[in-house]
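Chemist: Below is one structure. I have some questions about it.
The values are calculated or read from the model by the stated rules, or taken from the named source; none is laboratory data. The shown structure was predicted, so the numbers you read here are calculated from the model rather than taken from an experiment. Reconstructed Cβ throughout: ideal geometry from the backbone, glycine too, with neighbour counts over all protein chains shown.
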Amino acid sequence: MKLSNLKPAKGSIKSRKRIGRGVGSGTGRTSTRGHKGAKSRSGFSNMRYFQGGQMPLQKLVPKRGFKNVHRRYSRPAAYAPVNIGDLAAYAEKAGVQEITPAVLEQLGVINKGQDYKVLGDGNLTVALQVTANRFSAAAKKAIAEAGGKSFLLYKLNTVQGIAHAAGVDTVDLAVLRKHSKHLVEGDAVHVLAEGSISHKLVLKVNKISDEARQQVEAQGGSVELV
């Protein structure tokens, strides 16, 4: 063996592919990059999840965990159903005479912050004060016939949004009816605390929670029950 006889093992060294050396070389003209397009240009790069311009996967799959902080009084996609036939049992179990979102959340009937609608399925013989986002006509009638009263739920920050949209500082039932199609003449309103408010308001409503009243008064406003 001599130094002049030494050479790399077979297959360990491969000749570099030469491109752009004329059409006769077989790798000339487009230099193995094909015809036009982003990939034929120098400096091309894209995201790993790029799917050729079609709707990407991250936009197709459902989103979870997002809360729209700008949502004021838009209508939810669906309401959790609560039948009047179950209200007496819920009230007895919780030891109360008033059905509110807090009571239903405590009993696990609805999720925290979930909107719900009271429906007229079943019988109600106990006088209860019921607060809900919506009522069916049959449910309203059954609650009234049992000696109770139904209240449409309004969140305090929703009321502030309505006041801002109406350009007023005093919010009464007439103002709420003007901006809420589901609130009709004769309906009662119960305002609950939700989030916080930043403006002085004068509220003239049927019912208001203690926490909501404190927030209104802390901003220099006042509450009048009608």
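Chemist: Tell me which residues, restricted to the range 124-141, are within 10 Å of LEU87 (Cβ to Cβ) and either touching a Gly at 6+ places or on another chain (Cβ under 6 Å) or surrounded by fewer than 18 Cβ atoms within 10 Å (Cβ to Cβ) (or both).
Modeler: VAL126, LEU128, ALA139
Chemist: Out of the residues in the range 179-190 that are at pLDDT below 95 and under 24 Å from the mean Cα position of the chain (by Cα), state the one that is farthest from ALA144 (Cα to Cα).
Modeler: HIS179
Chemist: Say we look at the range 139-165 and pick out the residues that are in contact (Cβ under 8 Å) with a residue 40 or more places away in the chain and more than 30 Å from GLY220 (Cβ to Cβ); which of these is nearest to the chain's Cα centre (by Cα)?
Modeler: Looking at residues that are in contact (Cβ under 8 Å) with a residue 40 or more places away in the chain and more than 30 Å from GLY220 (Cβ to Cβ), I get ALA139.
Residues checked against (1) surrounded by 10 or more Cβ atoms within 10 Å (Cβ to Cβ); (2) among the basic types (Lys, Arg):
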{"site": "ARG21", "(1), (2)": "yes, yes"}
{"site": "SER25", "(1), (2)": "yes, no"}
{"site": "ARG29", "(1), (2)": "yes, yes"}
{"site": "GLY37", "(1), (2)": "no, no"}
{"site": "ARG41", "(1), (2)": "no, yes"}
{"site": "PHE44", "(1), (2)": "yes, no"}
{"site": "TYR49", "(1), (2)": "no, no"}
{"site": "PRO56", "(1), (2)": "yes, no"}
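Chemist: Where residues in the range 169-218 are touching an Asp or Glu at 6+ places or on another chain (Cβ under 9 Å) and of a type in the set (Val, Ile, Thr), which of them is surrounded by the fewest Cβ atoms within 10 Å (Cβ to Cβ)?
Modeler: VAL202
Chemist: I'm trying to understand the selection: among the residues of the range 112-121, which are surrounded by fewer than 15 Cβ atoms within 10 Å (Cβ to Cβ) and either among the acidic types (Asp, Glu) or more than 17 Å from ALA94 (Cβ to Cβ) (or both)? Before the answer, list the steps.
Modeler: So the first thing to find is which residues in the range 112-121 are surrounded by fewer than 15 Cβ atoms within 10 Å (Cβ to Cβ), and the list is 112-113.
GLY113, the sole residue that qualifies.
Chemist: Can I ask one more? Of all residues in the range 1-46, how many are among the polar types (S, T, N, Q) and assigned to a loop (DSSP other than H, G, I, E, B)?
Modeler: Initial filter on the range 1-46 (among the polar types (S, T, N, Q)): 4-5, 12, 15, 25, 27, 30-32, 40, 42, 45-46.
Next cut, assigned to a loop (DSSP other than H, G, I, E, B) only: 12, 15, 27, 30-32, 42, 45-46.
Adding up the residues that qualify gives 9.
Chemist: Hey, another quick one. Are any residues in the range 14-43 modelled with pLDDT of 90 or more and either hydrophobic (A, V, I, L, M, F, W, C) or within 30 Å of GLY113 (Cβ to Cβ) (or both), and if so, which ones?
Modeler: Across the range 14-43, the qualifying residues are ILE19, VAL23.
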